[in-house]
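The block underneath contains the structure these notes are about, expressed in structure tokens.
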């Protein structure tokens with residue numbers, strides 16, 4: 001399959017479509033973090049650090065850096081979904097990154113300078129769910145059919 005054919009949704013495998021969807025959601029979340037109303041306390045959005053009081057959907061602490069990381073993660077997902085191998089790498093690797101971020105959120109003091117992302121309890125639960133979900137999707141859905149038949 002050529003790269004041009006691979007851009008046709010009908011020719012993509014389920015794992016690629018899932019990675020496209022996950023990437024699109026991350027991109028939209030990154031953009032939403034810059035929209036007043038969707039992000040409460042938007043006037044208190046800082047570049048990075050625990051002092052940012054902006055809250056995406058009134059729940060998740062965000063900063064400019066946090067939003068940019070979500071957007072970049074989304075773009076990476078969209079790009080990597082062009083192949084099944086890339087989709088699987090995005091889902092499993094990205095899920096692993098979110099699990100590491102979850103552990104980081106468990107040990108970091110929310111009021112310290114080490115909380116540069118920034119994180120709160122809602123972020124931690126979301127990172128755990130994203131990490132487990134993405135790894136599971138990468139293993140179960142983005143596995144090439146030839147590997148499943150062995």
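The values are calculated or read from the model by the stated rules, or taken from the named source; none is laboratory data. What you are looking at is a predicted structure, and each value in this text was computed from that prediction instead of being measured. As a convention, Cβ positions derive from the backbone with ideal geometry for all residues, glycine included, and neighbour counts pool all protein chains shown.
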Candidates 17, 65, 91, 57 - the one that is under 18 Å from residue 133 (Cβ atoms), surrounded by fewer than 20 Cβ atoms within 10 Å (Cβ to Cβ) and either within 13 Å of the chain's Cα centre (by Cα) or touching a residue at least 12 places away in the same chain (Cβ under 8 Å) (or both): 17
Among residues of region 94-116, those that are in contact (Cβ under 8 Å) with a residue 40 or more places away in the chain and within 26 Å of residue 20 (Cβ to Cβ), counted: 2
Any hit, region 100-113, residues being surrounded by fewer than 18 Cβ atoms within 10 Å (Cβ to Cβ), closer than 18 Å to residue 30 by Cβ and over 16 Å from the mean Cα position of the chain (by Cα): no
Any hit, region 33-42, residues being modelled with pLDDT of 90 or more, assigned to a helix (DSSP H, G or I), crowded, with 16+ Cβ neighbours inside 10 Å and under 19 Å from the mean Cα position of the chain (by Cα): no
Residue check for residue 119: buried (at least 20 other Cβ atoms within 10 Å of the Cβ) and in contact (Cβ under 8 Å) with a residue 12 or more places away in the chain: yes
Meets criteria (touching a helix residue (DSSP H, G or I) at 6+ places or on another chain (Cβ under 9 Å), crowded, with 18+ Cβ neighbours inside 10 Å, on the phi < 0 side of the Ramachandran plot and modelled with pLDDT under 90) for residue 46: no
